[in-house]
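Structure in structure tokens, see below.
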Amino acid sequence: MSKLTWLFDLDNTLHNASHAIFPAINLNMNAFIAQVLDKGGLASDEAAVNAARVTYWQRYGATLLGMVNHHQVRPEDFLREAHRFDNLATMIRAERGLARLLRRLPGRKILLTNAPRRYSRDVLRHLGLHRHFAKHVPIEAMRVHGRLKPKPSKQMLRKLLARERISAHRCVLVEDTVSHLKGAKELGMKTAWITQYLASDSSKQALSGYHATVGCTKRPIYVDVKVESVGQLFKQLHRLR
């Protein structure tokens with residue numbers, strides 16, 4: 001029997017980004033969006049910025065795409081400014097023994113994240129996980145016909161499966177963002193939902209946009225396995241094979 005291929009999300013899946021990183025990213029995004037709106041002669045107060053961020057996230061799955069499509073922002077500029085941190089290492093929180101837990105899962109592992117390359121590489125290295133991933137697919141690499149197509153794009157997932165010669169039914173997408181799992185399931189993939197870092201506080205959800213979390217943790221029908229943490233995946237292997 002062929003081995004599984006695991007597609008792992010990064011933020012709020014392999015580490016707790018809600019602790020400090022997401023709040024910082026949201027502040028950074030707001031500052032960048034305000035500059036863009038102001039330069040374009042549009043309202044750039046707090047309410048207008050929040051509305052733009054959340055509306056674009058809801059419409060496109062990533063605020064970045066809304067800024068590209070409607071304000072001609074360069075993706076690299078948005079990603080660079082959104083991921084500026086004074087000291088990233090001090091902001092990272094993750095469960096203990098994560099490298100050992102990943103090693104227990106049989107098969108090839110690919111990092112598939114809507115975060116940019118430099119940031120995701122730095123987080124992986126800080127956690128000591130980089131050697132466990134055969135490939136690293138950041139948002140910059142999620143292109144179809146030259147256009148950015150980040151998760152939950154089924155076009156992007158199809159292209160990835162074809163390029164890596166992966167059978168969908170032997171592939172597991174591991175995510176905290178439950179809406180990203182729906183398209184994967186429709187393509188025939190197995191789906192695993194990590195819930196331990198989800199914000200249940202509505203005020204935290206109000207801050208979300210590009211990095212939205214879900215308060216409700218009821219398992220949808222398109223989720224094969226719902227677990228709190230990566231460490232619990234091994235016990236659910238029989239449902240993912």
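The values are calculated or read from the model by the stated rules, or taken from the named source; none is laboratory data. From a predicted model like this one, the values you see are computed outputs, not experimental measurements. Don't worry about glycine lacking a Cβ; one is built from the backbone with ideal geometry, like all the others, and counts go over all protein chains shown. Just the protein is used for accessible areas: all its heavy atoms, side chains included, with ligands, DNA and RNA removed. Shrake-Rupley method; radii C 1.70, N 1.55, O 1.52, S 1.80 Å.
For ARG80, are the conditions met, namely being open to solvent by 20 Å² or more (accessible area, probe 1.4 Å), out of contact with any Cys (no Cβ under 6 Å at 6 or more places or on another chain) and either aliphatic (A, V, I, L, M) or assigned to a loop (DSSP other than H, G, I, E, B) (or both)? Before you say what the answer is, go through the steps one by one.
Values: open to solvent by 20 Å² or more (accessible area, probe 1.4 Å): yes; out of contact with any Cys (no Cβ under 6 Å at 6 or more places or on another chain): yes; either aliphatic (A, V, I, L, M) or assigned to a loop (DSSP other than H, G, I, E, B) (or both): no.
Judged against the criteria, ARG80 is not a match.
Among the residues of the stretch 103-118, write down those that are of a type outside the set (A, V, I, L, M, F, W, C), assigned to a loop (DSSP other than H, G, I, E, B) and surrounded by 18 or more Cβ atoms within 10 Å (Cβ to Cβ). Spell out the reasoning first.
As a first pass, look at the stretch 103-118 and keep what is of a type outside the set (A, V, I, L, M, F, W, C): 103-104, 106-109, 113-114, 116-118.
Pick out the ones that are also assigned to a loop (DSSP other than H, G, I, E, B) and you get 106-107, 113-114, 116.
Hits for the stretch 103-118 are THR113, ASN114, PRO116.
Quick one: GLU81 ticks every box in (1) under 17 Å from the mean Cα position of the chain (by Cα); (2) over 18 Å from LEU7 (Cα atoms) bar one, so which box is it?
Condition (1) is where GLU81 drops out.
While we're on this one: Quick one: which of ALA94, ALA89 is touching a His at 6+ places or on another chain (Cβ under 9 Å), in contact (Cβ under 8 Å) with a residue 24 or more places away in the chain, within 21 Å of ASP9 (Cα to Cα) and in a loop (DSSP other than H, G, I, E, B)?
ALA94
Any idea which of ASP38, ASP45 is surrounded by fewer than 14 Cβ atoms within 10 Å (Cβ to Cβ), more than 23 Å from VAL174 (Cβ to Cβ) and either touching a Leu at 6+ places or on another chain (Cβ under 7 Å) or not polar (S, T, N, Q) (or both)?
Just one listed residue meets the conditions, ASP45.
Specify the residue that is nearest to LEU240 (Cα to Cα); the eligible residues are those in the stretch 130-172 that are hydrophobic (A, V, I, L, M, F, W, C), without any contact (Cβ under 8 Å) to a residue 24 or more places away in the chain and open to solvent by less than 60 Å² (accessible area, probe 1.4 Å).
ALA168
While we're here: Determine whether the stretch 51-72 contains at least one residue that is of a type in the set (A, V, I, L, M), open to solvent by 20 Å² or more (accessible area, probe 1.4 Å) and over 19 Å from the mean Cα position of the chain (by Cα).
Scanning the stretch 51-72, I find at least one residue that is of a type in the set (A, V, I, L, M), open to solvent by 20 Å² or more (accessible area, probe 1.4 Å) and over 19 Å from the mean Cα position of the chain (by Cα), so the answer is yes.
Right, another one. Restricting to the stretch 1-31, give me the number of residues that are hydrophobic (A, V, I, L, M, F, W, C), open to solvent by 30 Å² or more (accessible area, probe 1.4 Å) and assigned to a helix (DSSP H, G or I).
Selection size over the stretch 1-31: 2.
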